[in-house]
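Heads up: the structure comes next, in structure tokens.
Derivation of every value follows stated rules applied to the coordinates shown; laboratory data play no part. This one's a predicted model, so the numbers in the text were calculated from it and none came from an experiment. Quick reminder, even Gly has a Cβ in these numbers, built from the backbone with ideal geometry, and neighbours come from all protein chains shown.
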Amino acid sequence: MLLEAVAEHRPGNGRKQTVTVTAGGAPGIAHTVLTTRLGMVTVVREEKALTGLYFPRHWPRPDRTAFGPRTDEGFEDVARQLGEYLSGDRRLFELSVKINGADFDRQVWELIAGVPYGETTTYGDLARGLGAGTDPRDVGAAVGRNPLCIVIPCHRVIGSTGKLTGYAGGLGRKRTLLEIEHARAVQERHAPAAGLW
């Protein structure tokens, strides 16, 4: 529920000014909390577009005041697709998304979105994809700011040695997501090389 208050004020020049204060997030923004095999996930949308998917203790911590009011209505499609993905029955998400972030971050997220299901890439590979002089550590920071974990599959980004490195939802969840994808890829006879993670 959005609360709105309107106040009128006449400064020294005598002209009326109207100030509107809105509580509860911007219009059209709402969130829900879904129970998944990975635990609780907070899903945020603006109108019909998905804008955030966060685990508990997500790092970096999202601004919860921007989540809007909680509602269970209008999240049925994302809940269904997320459930299908986590059970190994879905490879791609067919969801409307709205991604907010700096240009560099958005470029990194676009590269991540291009990493095929069941495969992995490294921070260094992503940096090279952005051009000479891009520091893999800057790429890692952008990966960490991904507001749509799972949907923008940052779990597919690993260290240069094949080791699992940071993940907003924790390394256990990252490992589980990679195992889900690997199992599906094996079933389809398109398994990635062993020992990548």
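Between beta-carbons, use under 12 Å as the cut-off and find the net charge around residue 164, counting Lys and Arg +1, Asp and Glu -1.
In short, +4.
When ranked by the protection proxy of mean other Cβ atoms within 10 Å per residue, highest first, what sequence do the peptides 110-120, 43-53 form?
Sorting 110-120, 43-53 by mean packing, highest first, produces 43-53, 110-120.
Run the numbers for residue 160 and residue 186: contour at 0.36 nm per residue of separation, minus the present Cα-Cα distance, in nm.
Result for the pair: 7.0 nm of gain on full extension.
Net charge near residue 176, counting Lys/Arg +1 and Asp/Glu -1 over other residues with Cβ under 14 Å of its Cβ?
+4
Using the 10 angstrom Cβ neighbour count as an exposure proxy, how do 77, 89 rank, fewest first?
89, 77
List the equivalent ellipsoid semi-axes of the stretch 26-197 in whole Å, largest first, each obtained as the square root of 5λ for an eigenvalue λ of the Cα gyration tensor.
Ellipsoid semi-axes (Å, largest first): 26, 20, 13.
What's the ranking of 91-102, 164-175 by average number of surrounding C-beta atoms within 10 Å, highest first?
164-175, 91-102
By the gyration tensor of its Cα atoms, with a ≥ b ≥ c the square roots of the eigenvalues, what is the shape of the stretch 76-127: rounded for a/c under 1.5, prolate for a/b over b/c, or oblate?
Because a/c hits 1.5 or more and a/b fails to exceed b/c, the stretch 76-127 counts as oblate.
Please arrange 109, 59 by how many other C-beta atoms lie within 10 Å of their C-beta, fewest to most.
With the fewest neighbours first, 109, 59 line up as 59, 109.
Using a simple spin-label model with points 7 Å from Cα along the Cα→Cβ vector, what separation in nm is obtained for residue 76 and residue 135?
So the two model labels end up 4.9 nm from each other.
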